[in-house]
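Trainee: Could you have a look at this structure, given as structure tokens, before my questions?
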Amino acid sequence: MPDQRIERLADILVHHSVKVKKGETILIRGTTLASPLIQEVYRKVLQCGAHPITQVDLPEMEHIFYREADEEQLKHIAYAEMLYKHIDGYINIQSQANTKQLTGIDPAKLQLRRLASRPLLQYLMGGGVRWVLTAFPTNAYAQEAEMSLEEYEDFVYGATNIDYKALERTMQEAASYFNKAKKVRIVAEGTDITIDIEGREAVICSGEHNVPDGEFFFTPNHLLTEGTIYFDWPTVYGGREIQGIRLTFREGKIVEYSAEKGEKFLEQALNTDEGARYLGELGIGANFGIKRPTKDILFDERRSAVPSIWPSAGRMRARERATSRPFIGIW
């Protein structure tokens, strides 16, 4: 008998997130490890009268690509551009067998691929395609989260399979207080930072683009961020673990930085371009199903009542977390 939790997640992805309609073309992507969810999503897309396309990779193909690809191959995204310009919806299922498979890859190769893919990402983010990102529980993710696979499955479905309409209502109420404020101050161990959000309105995230979800965020006045923030929650990004990040902002720019682990990789991310050292987002997590760190930003940034900050466009993609539930003042 199929796992009813997988069926429920597929239903959320197809009907709530991407809102699949008859006659549309929907891309479903994941590795073979996610086959139970891919099949269920495929079934539901067909039931909508739409046309599913599957892109199913072997778990180690990403490592082979980055190990063998030359500069021209790293920059080649013509196939993806052609594919994405001819679909209406995209359901991307993260399902790695090894979260550290890219650790030994030259970071310059990863960065070259990211830069080449940026126009395509901007097309997706700009509304060219309705899309959603989710994760299927694998042993690799369970190991990173220091859980058994069964425990991690319970954790994942407890965070993903929720009432997003109800969550949206509670976030709108909380965000209304921030919408009236000019500044937000976050104080915790190693952290005292003030972020200016005057004139900004909260963006509510309730399962349209990420599952799990549960966050509202602001694009701050980026030249007015002042102070220091410390994150002890580790994360794995680009196959590398970063932990113990400390960032100091002056007139909106990161002027000092350090990391207890992965500092060189952090430095490379902050040197991506001019925007990488400015704050692009302040987010407030609101998903009460996420109770502990997992080294996966898809989950960690949505932990309830925990703020995240995200460097600006062109930037390090990882969002980190404050060390404990901090004091958050708004005025």
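Trainee: Order the peptides 185-194, 163-172 from the highest to the lowest mean number of other Cβ atoms within 10 Å of their residues.
Mentor: Answer by packing, highest mean first, reads 185-194, 163-172.
Trainee: Moving to a separate point now. How large is the helix-only mean residue ellipticity at 222 nm for the chain, computed as the sum of -39500 (n - 2.57) over DSSP H runs with n ≥ 4, divided by its residue count, in deg cm²/dmol to the nearest 500? Kindly include the intermediate steps, with their values, before the conclusion.
Mentor: On the way: 11 runs with 104 residues, N = 331.
One gets -9000 deg cm²/dmol as the mean residue ellipticity at 222 nm.
Trainee: Residues of the stretch 39-62 with amide nitrogen under 13 Å from the 7 Å Cα-to-Cβ point of Tyr79?
Mentor: 55-58, 61-62, by backbone N distance to the label point.
Trainee: Now, a different point. Full extension from Ala69 to Val187: what is 0.36 nm times the residue separation minus their Cα-Cα distance, to one decimal in nm?
Mentor: Working: separation 118, 0.36 × 118 = 42.48 nm, distance 4.51 nm.
Result for the pair: 38.0 nm of gain on full extension.
Trainee: Compute the distribution of all C-alpha to C-alpha distances in the stretch 1-112, in bins of 10 Å from 0, and list the percent of pairs in each, rounded to whole numbers.
Mentor: 13, 37, 31, 17, 2
Trainee: How big is D for the stretch 121-220, in µm² s⁻¹ as a whole number, if Stokes-Einstein is applied with the Kirkwood radius of its Cα pairs at 10 °C and 1.306 mPa s?
Mentor: 98
Trainee: In degrees, nearest 10, range 0 to 90: what is the angle between the Cα axis of helix 164-179 and the longest Cα principal axis of the chain?
Mentor: For helix 164-179, the angle is close to 20 degrees.
Trainee: Quick one: pull the percent of accessible area on the chain belonging to carbon and sulfur, 1.4 Å probe, ligands and nucleic acids left out.
Mentor: 52
Trainee: On a 32 Å Cα-Cα criterion, which of the cross-link pairs Lys85/Lys109; Lys75/Lys261; Lys109/Lys183; Lys19/Lys100 come out too long?
Mentor: Flagged as over cut-off: Lys109/Lys183; Lys19/Lys100.
Trainee: So what does the Cα-only Debye profile of the chain read at q = 0.06, 0.13 Å⁻¹, as log10 I(q)/I(0), no solvent term?
Mentor: For the chain, the Cα-only Debye profile gives -0.20, -1.05.
Trainee: Also, quick follow-up: Taking the solvent-accessible surface of protein heavy atoms with a 1.4 Å probe, what is the per residue accessible area of the chain in Å²?
Mentor: Spelled out: the 1.4 Å probe surface of the chain, per residue, equals 46 Å².
Trainee: As I understand it, the value is the acute angle between the Cα axis of helix 35-47 and the longest principal axis of the Cα atoms of the chain; what does it come to in degrees, rounded to 10?
Mentor: 70
Trainee: Can you give the FRET efficiency to the nearest 0.05 for Gln122 and Thr219, using r as the Cβ-Cβ distance and R₀ = 22 Å?
Mentor: 0.90
The values are calculated or read from the model by the stated rules, or taken from the named source; none is laboratory data. Note that the coordinates shown come from a computational prediction; the quantities given were computed from them, not determined experimentally. A quick note on method: Cβ atoms are made from the backbone with ideal geometry, for glycine too, and the neighbour counts reach across all protein chains shown. Just the protein is used for accessible areas: all its heavy atoms, side chains included, with ligands, DNA and RNA removed. Shrake-Rupley method; radii C 1.70, N 1.55, O 1.52, S 1.80 Å.
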